[in-house]
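The values are calculated or read from the model by the stated rules, or taken from the named source; none is laboratory data. Model, not experiment: these values are computed from the prediction. Please note: Cβ atoms are built from the backbone with ideal geometry, for glycine as well, and neighbour counts cover all protein chains shown. Surface areas here come from the heavy atoms of the whole protein model, side chains and all, with no ligands, DNA or RNA. Shrake-Rupley method; radii C 1.70, N 1.55, O 1.52, S 1.80 Å.
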Amino acid sequence: MFGDFLIAGGSVMGTEHREVPRNNEDAYAWLKMPAALAAVVCDGNGSGENTEVGAKMGAKLVLATIRQT
(Lines give C-alpha, C1' and ligand atoms only; values in the text may rest on other atoms or scores of the structure.)
Protein backbone atom coordinates (compact mmCIF):
# COMPACT_ATOMS: atom_id res chain seq x y z
CA MET A 1 0.00 0.00 0.00
CA PHE A 2 2.82 2.43 0.79
CA GLY A 3 5.28 1.36 -1.87
CA ASP A 4 5.00 4.69 -3.70
CA PHE A 5 6.01 6.80 -0.70
CA LEU A 6 9.52 8.05 -0.07
CA ILE A 7 10.04 9.00 3.57
CA ALA A 8 12.63 11.58 4.59
CA GLY A 9 13.18 13.67 7.70
CA GLY A 10 15.41 16.44 8.86
CA SER A 11 15.85 19.08 11.51
CA VAL A 12 17.58 22.45 11.46
CA MET A 13 19.09 23.86 14.62
CA GLY A 14 17.83 27.32 15.52
CA THR A 15 20.07 30.39 15.56
CA GLU A 16 20.02 30.74 19.35
CA HIS A 17 21.13 27.13 19.81
CA ARG A 18 24.04 27.61 17.43
CA GLU A 19 25.21 30.78 19.21
CA VAL A 20 25.12 29.36 22.77
CA PRO A 21 26.10 26.49 21.63
CA ARG A 22 23.43 23.90 22.44
CA ASN A 23 22.34 20.63 20.94
CA ASN A 24 19.54 20.36 18.44
CA GLU A 25 16.67 19.21 20.66
CA ASP A 26 14.22 18.12 17.97
CA ALA A 27 13.58 14.48 17.14
CA TYR A 28 11.52 12.57 14.62
CA ALA A 29 10.85 8.95 13.78
CA TRP A 30 8.55 7.00 11.53
CA LEU A 31 7.19 3.50 11.28
CA LYS A 32 6.07 1.80 8.09
CA MET A 33 3.56 -1.00 8.63
CA PRO A 34 1.58 -3.04 6.09
CA ALA A 35 -1.63 -1.05 6.66
CA ALA A 36 -0.34 2.26 8.04
CA LEU A 37 2.44 4.79 8.07
CA ALA A 38 3.06 6.64 11.34
CA ALA A 39 5.30 9.66 11.91
CA VAL A 40 6.16 11.34 15.22
CA VAL A 41 7.83 14.70 15.85
CA CYS A 42 9.09 15.72 19.31
CA ASP A 43 10.37 19.11 20.42
CA GLY A 44 12.85 19.10 23.29
CA ASN A 45 12.58 21.44 26.25
CA GLY A 46 15.15 24.19 25.67
CA SER A 47 15.51 25.10 29.35
CA GLY A 48 16.85 21.72 30.48
CA GLU A 49 20.03 19.76 29.89
CA ASN A 50 20.20 16.84 27.46
CA THR A 51 16.60 17.32 26.38
CA GLU A 52 17.46 15.94 22.96
CA VAL A 53 17.72 12.54 24.66
CA GLY A 54 14.14 12.82 25.94
CA ALA A 55 12.87 13.94 22.54
CA LYS A 56 14.53 10.99 20.79
CA MET A 57 13.31 8.52 23.40
CA GLY A 58 9.80 10.00 23.25
CA ALA A 59 9.58 9.56 19.49
CA LYS A 60 10.74 5.95 19.72
CA LEU A 61 8.41 5.13 22.63
CA VAL A 62 5.36 6.53 20.83
CA LEU A 63 6.14 4.44 17.76
CA ALA A 64 6.72 1.35 19.89
CA THR A 65 3.29 1.86 21.42
CA ILE A 66 1.72 2.27 17.97
CA ARG A 67 3.45 -0.91 16.78
CA GLN A 68 1.98 -2.89 19.71
CA THR A 69 -1.61 -1.81 19.04
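Some points to look at:
- Listed candidates (1) 54; (2) 62; (3) 58 - label of the one calculated as percent of Cα pairs over 14 Å apart: (2)
- Residues of the stretch 1-59: accessible area per residue with a 1.4 Å probe, Å²: 73 Å²
- Accessible heavy-atom area order of 6, 63, highest first, probe of 1.4 Å: 6, 63
- Residue 43 contributes an accessible area of around 130 Å² to the protein surface, as traced by a 1.4 Å probe with all chains present.
- Angle of helix 51-68 to the longest C-alpha principal axis of the chain, folded into 0 to 90 degrees and rounded to 10: 10°.
- Taken along the Cα-to-beta-carbon direction at a fixed 7 Å, the label points for residue 49 and residue 24 span 2.4 nm.
- When the helices of the chain are scored as -39500 (n - 2.57) per DSSP H run of n ≥ 4 and the total is divided over every residue, the value at 222 nm lands at -10000 deg cm²/dmol.
- With every protein chain in place, the chain: carbon and sulfur % of accessible area (1.4 Å): 56 percent
- Of the trypsin sites (Lys or Arg not before Pro) in the chain, the ones in a loop by DSSP (not H, G, I, E or B) with at most 16 other beta carbons within 10 Å are 22.
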